[in-house]
Structure formats: structure tokens, C-alpha cells
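What follows is a set of notes on a single structure, which appears directly below.
The values are calculated or read from the model by the stated rules, or taken from the named source; none is laboratory data. This is a predicted model, so every value here is computed, not measured. When we count neighbours, we look across all protein chains shown, and the Cβ atoms used for this are built from the backbone with ideal geometry, even at glycine. For accessibility, only protein heavy atoms count, side chains too; no ligands or nucleic acids. Shrake-Rupley method; radii C 1.70, N 1.55, O 1.52, S 1.80 Å.
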Amino acid sequence: MPRLNYRIIMYIMGLLLVFNGGFMSISALVSAIYREDEASDLLGASLVAIGLGAVLMILTRDHVKELAKKEGYLIVTLGWLIMAFAGTMPYLFTGAITNYTDAFFETMSGFTTTGASIMNDIEIMPKGVLFWRSMTHWIGGMGIIVLAVAILPLLGIGGMQLFAAEAPGPSADKLHPRITDTAKRLWLIYVGFTGVQTILLKVAGMGWFDAVNHAMSTLSTGGFSTKNASIAYWNDNPYIQWIIVFFMFVAGMNFVLSYFGFKGQFRKIFMDTEFKWYTSFVVGFSIIGAILIYLQADVSVSSIPHPMVWGEAESAVRHSFFQVLAVITTTGFVSADYTMWTPFLTIMFFGLFFLGGSAGSTSGGIKVMRHIILIRNGILEFKRTLHPNAILPVRYNSRALPNGIVFNILGFFILYMLAFIIGSVGLAALGLDFDTAIGGALSSLGNVGPAFGDLSPVNNFAGLPDLGKWWCAFLMLIGRLELFTVLILLTPFFWRNR
């Protein structure tokens, strides 16, 4: 029986290190533009990553160019770990973060687009470091592995196995029959949206640096900000917040639908079951939130004199849409401390932590598609009880789903809940209180960022014990890679010869 092709795995790890180092060099350039002393340190981190990657590629260049499904899962998980471990270098080399546990936590939070941070004062950090911090979001958002898929065919290596393991959601929709073209189109859309949002934020009043960073964080549904108060820093500028609201909504959509939109195929968008439910969830929960905020909560009112600004009503609607989208899409930006609004809204937001955006988006969580299928299958169980001999398949987008997909989603949901429970117990065992333990576990697993208790939107994860930070980083990883990709490596049968 053939064994795992370890040489090609190591070769791709080297390729990812080279990619990582290349992105670090962009951060060094940004630092140099602002004439920061840390530019040389960032360049040094870049050269180390590129050098290590190049050596690894040279040592394994005579690999067999065959990639099976097992190698795909292993490459995705190891690739994410390699990127995270190497991604700590800009923090450590510049001295922005001196504790390795903190540096790894911040990096894993970035690459998994979680947005949880250990930085107590973000605004004193060098701009090159903040740019790298946002860039880890942007790289992880669509997946450095998908980027590599577009390059691998040039090396004579097929990338389908990688895309199947990396693509977010229960299935990987294709824009084009060739997987390479799919990856290129996804990245083209991703880059395009980032550029458009950057320009709009600049026009709305942000500086270029803040605009670029927040665009990268929004499209990746990450949530890292360049301000200590996050987006609440611009509470007196509704334009900025509404722009971010729109792009959070777009980032939480299936990117395939965005492609259809560019092609003028709007019917495919509006007829998509997941899009209709996703939109309904966002609008429905936002309306509930806006009413309760207006009647019971206290949020700041924009002071910009413009017909668009309607005082308390506009502020309530804006904050509600902003925070509902920030949680559903797992972006994690903060315009207000939603845990201080009303008890009902706190419970509502806790429930939204489980929702997630659309499959095929950069968001985390369970995903809307899975909830739809779970609900429909649950309803059909009533009919099956009454009519045990009837054939009643679960339908999605007017098509009957194979039982295998339904069973996979049921299995995913059970594993997700088990991971949440075990994650909460693990944090509680470290001495965290109930709210903080369940909030930290759920936020890390769903890649949301802000949580509850001592990890609420006005706090951060700096106070966690080191073991708690490593535990949360592990939850971030399995959540971002949708459980199976990582957990399958912990099973004994994965390592048996094929």
C-alpha cells in the first residue's frame, strides 16, 4: 500500500513559508514608508521566512508530483500551523510582542480571522506591525492554501485535494471547471472588493492607512482594527460604519454569488436558498435589535448634520445592523458593547454566535446552509414518523440532497457542539468564570473575536493564562478549518497505510 508523500508535503510547506515571507516584506515596505525603525526588523523576519522556505523547497525538490486526499488534509492543517508559527516573527523581531505565547495567539487569531487580541494598546504599535496584523487576516480570509492552488499547477502538481479541504462551507462551489481558474477568480473578487472598500472608506473620512487595514479586516471577516475602540472610534461618522456594514454583508455571502453578480446573473443570487435565509436572518435580527436599542438601550448618536442622520432612530438602526452583522459574519468589529444593552439582546447575540455566514464566504461559525438543512431534516422527521415507508429527501435549491451530505452535516453539528462543550470545560478548568469560559470557547471556535464576561467587546484576551491562550488558539484552528480537516489527523485510521 502506498504511503503518505511526505516530500511533497514538505515542499509545499516551504512554498507557504516563501509566500509568508513575501507578505512580510510588504509590511516592511509600509514601515519604511512611515520611516519607522522597525522596518529593518520586519525585513529581517521576511528574509528568514523566505530563506527557510527556499531551503525546504530545495531539499525536497525531487518529490513525486502526486497529491492524494490524505496529503491534502495534512497540508492544509500543517500549512496553517507553519504560517502561524512563522507569522510570529514580525511581532518578536520588532519587540511589539515579547511573549511567544501572546505572539502565537495574535498570529493564529489573525490567520483564522478570529480577531481576538492580546494587545492592550493597539494605537502605540508601529504601523508596519499593525499592517502585518491586518494582513494575516487578509491572507487567512480566503486561505493561503487556495492562493497556492493557483500556483501549484505551474509546478506540475494538481490542487483539487487542497481546495476540497480548504474551501469554507460544506461544499466547494466552482466558478469554472478547472480548480486553478476557480482559485484565481475567487482571489480576483476578493482583491477587487478590498480595493473598492478602501477607496470608499477614504472618501468617507478615514486616512489611507486605516482604510486599507479595515478593508482587509472586513473582507476577511476578521475584525482587527487599528484603534483601541475598534469601529466605535468613528461613532460620529455614520458613513464609515454603513460602508463597513455593507461590506460585512458582502463578505458573509457566498463568493460564488458575488461572481454571478459581476456576470449580471442576479436571478441566481436571489433564487439561492442560503442567500434568502442569510438576508432574512440579518434583517430580522437587526430590526429586533434596533427596536430594543431605541426603546431601552443607550448608544451614542451621530453628530454629523446630514439628512441621512436621524438622531436616535438612525443610531439604533445603525448599531443594531452593525453588531448583528459583526456577529453573524464572525467579523467581530465593535461599534458598541452589545453585552450592556439589554438581557434579551445579550441572549440573542449569544445565539447568533452559533449562526455563521454563508458557505463559500470568509466567515466562520456553523454556516447558514447547515442550519437550513438541519431544520428541514428535523421537520421531515415528523413526516417520516407518520409515513415510515415514504421517501422524503431533504431539498436544497430545489434539488434532493444525497443522504451522505445530510449525515455529514449532522455529524458536523454534533462535533461542533462537543467541541464547544469541551472547549468551555477546558477554560473553566483554568479558573475562568462561567460567562468567560463559554464565551471564550464559542468565540474562538466560531472565529468571532469579542465574547462575554471578561472577554466582552470592551476587553480582550490578554488576561487569559498562557495555557488558556494555547487552548483558544487550537479552537480557532479547528473552527476555521471546519473541524474534520484537523480532527481527522487525530484519528488512528488516518495514519494507516492506504
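Here is how the numbers come out for the structure above:
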read-out: Near pairs, Cβ below 6 angstrom, 6+ apart or cross-chain, from segment 214-232 (on the phi < 0 side of the Ramachandran plot and open to solvent by less than 10 Å² (accessible area, probe 1.4 Å)) to any residue that is of a type in the set (Asp, Glu) and outside any loop (DSSP other than H, G, I, E, B); value: THR226/ASP210
read-out: Single condition VAL149 does not satisfy, out of (1) in a helix (DSSP H, G or I); (2) modelled with pLDDT under 65; (3) over 26 Å from SER225 (Cα atoms); (4) open to solvent by 10 Å² or more (accessible area, probe 1.4 Å); value: (4)
read-out: Qualifying position, being part of a helix (DSSP H, G or I), within 16 Å of the chain's Cα centre (by Cα) and modelled with pLDDT under 90, among LEU257, LEU186, LEU162; value: LEU186
read-out: Every residue from segment 389-438 that is of a type in the set (Phe, Trp, Tyr) and outside any helix (DSSP H, G or I); value: TYR396
read-out: Matching residues in segment 58-76 - criterion: being in a helix (DSSP H, G or I) and open to solvent by 100 Å² or more (accessible area, probe 1.4 Å); value: LEU59, LYS69
read-out: Odd one out for ARG35, checked against (1) over 17 Å from GLY128 (Cα atoms); (2) free of Cβ contacts under 8 Å to residues at least 40 places away in the same chain; value: (1)
read-out: Residue ID - least open to solvent (accessible area, probe 1.4 Å), chosen from residues in segment 463-494 that are free of Cβ contacts under 8 Å to residues at least 24 places away in the same chain and not in a loop (DSSP other than H, G, I, E, B); value: PHE474
read-out: Test result for LEU467, more than 21 Å from GLY356 (Cβ to Cβ) and touching a Pro at 6+ places or on another chain (Cβ under 9 Å); value: no
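Table: residues versus (1) part of a helix (DSSP H, G or I); (2) under 30 Å from GLY463 (Cβ atoms); (3) open to solvent by 60 Å² or more (accessible area, probe 1.4 Å).
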{"position": "MET10", "(1), (2), (3)": "yes, no, yes"}
{"position": "MET83", "(1), (2), (3)": "yes, yes, no"}
{"position": "GLY110", "(1), (2), (3)": "yes, yes, no"}
{"position": "GLY115", "(1), (2), (3)": "no, yes, no"}
